[in-house]
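First up is the structure itself, then whatever we jot down about it.
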Amino acid sequence: MELYTLIDFVALALAAIHFGVPLIYYSYLKRVALPRPWNVRADSSFLPKVSIIIPTYNEAQLITRKLDNIHRQNYPKDKVEIIIIDSASTDGTPDLVKKWGKEHPDTRFKLIVEPIRRGKGWALNEALKHVSIDSEIIIVTDVDSWWCDPDTLRKAASMFADPTIGAVSCIKIPEGARGIEASYRNYYNIVRIGESKLWSTPIFHGELAAFRKKLIEEIGGFPTDIGADDSHTATLIALKGYRSIIHDSITCIEAVPRKRYFQWRVRRAQHLIQHFTKTLQEIRKAPKEFRKILIAETFLHLLNPWILLTSTILFITSIVLTQSLTATALLTIGVALLTIKPYRTWIAQQIHLIVASIRNLWTKEIAWSKQTK
């Protein structure tokens, strides 16, 4: 086989793997898993005591809106406590929390102020020390997100009536997002629900991540060495044999940065890469229903972006060395397809993952700079 033919063949084979594997996985989840009924014995009358942890850092613009959003929940006030853990804010966030607490005497809340900022995982573990002993469910929620309806908390709690459920998260809708972010979320949510119906999903959302307190205690709290505290905690719980699910009845709105959107996406990709890298050694221990999902998602996040990059480099090499018409035609088609939103969304995600992998070599972005939302 001549050199240019061999290079083109390898490049084409890699491209087929890169696009073929996720297409097959997505199609299976959408056509086979998604139509399945939920195998969850939820009970709307199940109202356990809940501790809601809100980590904050310079959230003066959003904290009041966030607390109001939680206060509107249709859940017994005597069964809810709100724990705000502030990590050295400099914009008066703790003062606003204190003011809100005085104006809402019907709500149990605690404010803990850390003298230094060490990252979300550290803050969450500090907050755990202040959780009431009789709380059964721990819910972590980011300030820059809102629960879509007054029954969100009740819906999440109802899932834990099923003893097989260890963790619950939400579908998230980007606030005012268009273009790539909106398109990405449409596909992303289908995957998360499909995986959850099969058994569990290894990716959770900071907008609402609920966990059985006893399981959090059993795994030793939240991880502090990686950024994906929500996803990794949910995965560790699933590895213990409990289900970690994202249910389509629970929706949250997520604020999207107005500036530095690319950096925001890269940081999130960094945290997922850290999560799946740390989970690699645990895959063989996973329940068989979860093992296939973990393998698929680990491949998609850690290896598949580099397969695309390698294929592209080989096509370019073939053009430079042999003026291959095949390579030229295929690269031209690839560029032309960027006019199609789903394809453009996919390529953007691969770029985020590649940049994130490289960036993880010198920073894990455990405590990141604040972005305007």
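The values are calculated or read from the model by the stated rules, or taken from the named source; none is laboratory data. Small disclaimer: the values here were computed from a predicted structure and weren't measured. FYI the Cβ positions are ideal-geometry reconstructions off the backbone, even for glycines, and counts take in every protein chain you see. The protein model used for the area step is the full one, side chains on, heavy atoms only, and it has no ligands, DNA or RNA in it. Shrake-Rupley method; radii C 1.70, N 1.55, O 1.52, S 1.80 Å.
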Study note, to complete from the structure: With R₀ set to 22 angstrom, the calculated FRET efficiency between the beta-carbons of Thr332 and Phe262, to the nearest 0.05, is 0.30
Check your understanding: Ranked highest first by the average count of other Cβ atoms within 10 Å around their residues, in what order do 208-215, 346-353 fall?
Key -> 208-215, 346-353
Practice item. Using amide H atoms built 1.01 Å from N in the peptide plane, name the residues 5+ places from Arg108, or on other chains, whose amide H lies under 5 Å from its own. Key: Ile82
Exercise for review: Can you tell me the relative contact order of the chain? Whole percent, Cα pairs under 8 Å, sequence separation 6 or more.
Suggested key: 21 percent
Review point. Taking the radius of gyration and the Kirkwood hydrodynamic radius from Cα positions alone, what is the Rg/Rh ratio for the range 241-373, to two decimal places?
Key: 1.04
Check your understanding: Over the range 1-101, what per residue volume does the convex hull of the Cα atoms give, in whole Å³?
Key -> 221 Å³
Review point. 222 nm [θ] for the chain, helices only, -39500 (n - 2.57) per DSSP H run of 4+, per residue, to 500?
Key: -15500 deg cm²/dmol
Study note, to complete from the structure: For Asp144, the residues 5 or more places away or on another chain with a placed amide H closer than 5 Å to its own amide H are none
Review point. How large is ³J(HN,Hα) for each residue in the range 239-250, as worked out from phi by the Karplus curve 6.51 cos²θ - 1.76 cosθ + 1.60 (θ = phi - 60°), to whole Hz, x for Gly and Pro?
Key: 5, 7, x, 9, 8, 10, 10, 10, 9, 6, 8, 10
Practice item. Report, to the nearest 10°, how far helix 261-279 tilts away from the longest principal axis of the Cα atoms in the chain, using its own Cα long axis and a range of 0 to 90°. Key: 90 degrees
Practice item. Subtracting the Cα-Cα distance from 0.36 nm times the residue separation, let me have the gained length for Tyr188 to Glu103 in nm, one decimal. Key: 26.7 nm
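Pull out the extension gain between Ser132 and Leu309, defined as 0.36 nm times the separation in residues minus the alpha carbon to alpha carbon distance; nm, one decimal.
Contour length minus the Cα-Cα distance gives 58.7 nm.
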Point to revise | the range 138-149 - phi-based ³J(HN,Hα) in whole Hz, Karplus 6.51/-1.76/1.60, Gly and Pro as x | key: 9, 10, 9, 9, 6, 5, 7, 8, 9, 7, 6, 9
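Counting only DSSP beta bridges with both residues in the chain, tell me the antiparallel percent, nearest 5.
Bridges in the chain that DSSP calls antiparallel: roughly 30 percent.
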Exercise for review: Might you tell me the accessible area per residue for the range 169-238, computed with a 1.4 Å probe and given in Å²?
Suggested key: 27 Å²
Check your understanding: Helix 288-298 versus the longest principal axis of the chain: what angle, 0 to 90°, nearest 10, using Cα atoms?
Key -> 60 degrees
Study note, to complete from the structure: HN-Hα couplings for the range 58-68 via Karplus (6.51, -1.76, 1.60; θ = phi - 60°), in whole Hz with x for Gly/Pro, come out as 6, 10, 4, 6, 10, 4, 5, 4, 5, 5, 4
Check your understanding: Which entries in Lys79/Lys102; Lys129/Lys197; Lys197/Lys285; Lys110/Lys259; Lys110/Lys288 show an alpha-carbon gap greater than 30 Å?
Key -> Lys129/Lys197; Lys110/Lys259; Lys110/Lys288
Check your understanding: Hey, what angle do you get for helix 304-322 against the long axis of the chain, alpha-carbon based, 0 to 90 degrees rounded to 10?
Key -> 20 degrees
Review point. What part of the accessible area of the range 163-283, given as a whole %, is carbon or sulfur when the probe is 1.4 angstrom?
Key: 53 percent
Practice item. Using label points projected 7 Å from each Cα along Cα→Cβ, tell me how many nm separate Trp362 and Phe46, to one decimal. Key: 4.9 nm
